[in-house]
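The values are calculated or read from the model by the stated rules, or taken from the named source; none is laboratory data. Quick caveat: nothing in here was measured; it's all calculated off a predicted structure. Please note: Cβ atoms are built from the backbone with ideal geometry, for glycine as well, and neighbour counts cover all protein chains shown.
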Amino acid sequence: MGGCTRVAHMANDLPEGAPVMLRMSVERENGYLSWLGVQMGDIEFGEANLTIPFDERFTDKEADPPTVHDGIVTTLVEQTTELAIRTTMPDPVNDRVDLLSTTVNFLDEAAHDLEATASVVDTGDGSAVAEASIESRDPQGTPVTVASGQGVFRID
């Protein structure tokens, strides 16, 4: 991307009140995310953490034992990368952040809560890229990285 800025080298703070407003937006005001029970963890400039608690409704019932459906994992990658990018915006709650593409690499099955961490990799002329890692536990209860992914967004 032309004119990119490496966000990792920037030392910025979130605008006052932004973490509280973003938490309300994620956990209460977004119907889909609220239905999934998404919980926002720590956020910092360029970084975000979201969790989806395990729920039998989110599983592929044909798997034995049931494991979290890949669509739930994909949603978490997209939402966590978007949130990380929002933390770099002048108005994180209201600035426009539109998804251009999401790439998800499925590495293992999830049979427990999903926890995602995302970091902004680059921002440029009207676009931004963030990467995410999704952690859970496999059906035997062993901690595993179940997916990695990337979100590319148009930003205004």
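A Cβ distance below 7 Å, combined with a sequence gap of six or more or placement on separate chains, defines the contacts here; from segment 31-50, residues that are under 15 Å from residue 86 (Cβ atoms) and of a type in the set (D, E, K, R) reach residues that are modelled with pLDDT of 90 or more and assigned to a helix (DSSP H, G or I) in the pairs 47/84. Looking across segment 96-107, the residues that are part of a strand (DSSP E or B) and under 30 Å from residue 62 (Cβ atoms) come down to 99, 101, 102, 103, 104, 105, 106. Looking only at segment 66-95, residues that are of a type in the set (Asp, Glu) and part of a loop (DSSP other than H, G, I, E, B) come to 2 in all.
Each residue in segment 77-95 was checked for being closer than 14 Å to residue 15 by Cα and not aliphatic (A, V, I, L, M), and 8 pass. For segment 1-39, taking the residues that are β-branched (Val, Ile, Thr), part of a helix (DSSP H, G or I) and touching a strand residue (DSSP E or B) at 6+ places or on another chain (Cβ under 6 Å), the one that is modelled with the highest pLDDT is identified as 26. Each residue in segment 135-154 was checked for being loosely packed, with under 15 Cβ neighbours inside 10 Å and of a type in the set (Val, Ile, Thr), and 2 pass. In segment 40-50, the residue that is modelled with the lowest pLDDT out of those that are in a loop (DSSP other than H, G, I, E, B) and small (Gly, Ala, Ser) is 41. Residue-level check: of (1) surrounded by 15 or more Cβ atoms within 10 Å (Cβ to Cβ); (2) closer than 21 Å to residue 150 by Cβ, residue 44 misses just (1). Being surrounded by fewer than 19 Cβ atoms within 10 Å (Cβ to Cβ) and touching a residue at least 12 places away in the same chain (Cβ under 8 Å) is a property that holds for residue 98. Of all residues in segment 62-89, those satisfying the criterion of being within 18 Å of residue 150 (Cα to Cα), among the aliphatic types (A, V, I, L, M) and buried (at least 22 other Cβ atoms within 10 Å of the Cβ) are 73, 76, 77, 83, 84, 85. Please indicate, with yes or no, whether at least one residue in segment 69-80 is closer than 14 Å to residue 47 by Cα, touching an Asp or Glu at 6+ places or on another chain (Cβ under 6 Å) and among the hydrophobic types (A, V, I, L, M, F, W, C). No, every residue in segment 69-80 fails to be closer than 14 Å to residue 47 by Cα, touching an Asp or Glu at 6+ places or on another chain (Cβ under 6 Å) and among the hydrophobic types (A, V, I, L, M, F, W, C). Answer with yes or no whether residue 53 is at pLDDT 75 or above, more than 17 Å from residue 132 (Cα to Cα) and either under 16 Å from the mean Cα position of the chain (by Cα) or buried (at least 18 other Cβ atoms within 10 Å of the Cβ) (or both). Yes. When we screen 128, 110 for residues that are part of a strand (DSSP E or B) and either at positive phi or within 17 Å of the chain's Cα centre (by Cα) (or both), the only hit is 128.
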